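Before any comments, here is the structure.
Read-outs: derived from the displayed coordinates by stated rules, not from any lab. Here the structure is a predicted model, which means the values were calculated and not measured. Positions of Cβ are backbone-derived with ideal geometry, glycine not excepted, and every protein chain shown enters the neighbour counts.
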Amino acid sequence: MQRTFSIIKPDAVSRNLIGQITQRFEENGLSVIASKMIRLSTEQAEKFYAEHKGRDFYEPLVGYMTSAPIVVQVLEGEDAIAKNRQIMGVTDPAKAEAGTIRADFALSVRENSVHGSDSPESAAREIAFFFDEKELCPRN
Ligand code: CMP
């Protein structure tokens, strides 16, 4: 079993897509073991996306991620990181495979509806960024 970190981003929360997106995870074998809705501060968004600092999309990304609430989740399942990335589709919705979340719901490369960890190291860092260990509720 593996864990990954997911964000349902402002564009999706604003369009009432929390349920439909979570359903895609659950029907593909991923279980939600932690979930909360939050509004990111600028400081939190800057820190979370620090690896992109200096890229041309960094400042608009921080503005977008703080523009409305988000839902942060921890997903658990077999090969959760790769499975979630497959369910999401690639970053740019115009290039995402049909049937993926980004192909079906995303508005643009920035407003791309979901985030998912890209490695076990990122997953551990991102989960710890938003959740205390005691907030995780594994199924067993
Ligand atoms: P994600 O991969 O979850 O984390 C980085 C985010 O930056 C990405 O989703 C997009 O929301 C955004 N992003 C990445 N590349 C670009 C780009 N070329 N233009 C605008 N936004 C981008």
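General remarks:
- Projecting the Cα atoms of 10, 115, 88 onto the dipole axis of segment 10-140, where Lys and Arg carry +1 and Asp and Glu carry -1 at the beta carbon, places 10 farthest toward the positive end.
- Taken about its Cα centre, the chain carries a charge dipole of about 200 debye when Lys and Arg each add +1 at the Cβ and Asp and Glu each add -1 at the Cβ.
- The Cα-based radius of gyration and maximum Cα-Cα distance (Dmax) for segment 1-63 are 14.0, 38 Å.
- Net +/- balance of residues flanking residue 52 in space, Cβ distance below 13 Å, scoring K and R +1, D and E -1: -1
- Once the chain from residue 118 to residue 36 is taken as fully extended at 0.36 nm per residue, the excess over their C-alpha distance is 27.4 nm.
- Taking 101, 127, 38 as the candidate residues, the one with maximal mean-square fluctuation in a Gaussian network model of the chain, Cα springs under 10 Å, is 38.
- Share of alpha-carbon pairs per 10 Å distance bin for the chain, given as whole %: 12, 45, 37, 6, 0
- Gaussian network model of the chain, springs between alpha carbon atoms under 10 Å - residue of 56, 104, 79 with greatest fluctuation: 56
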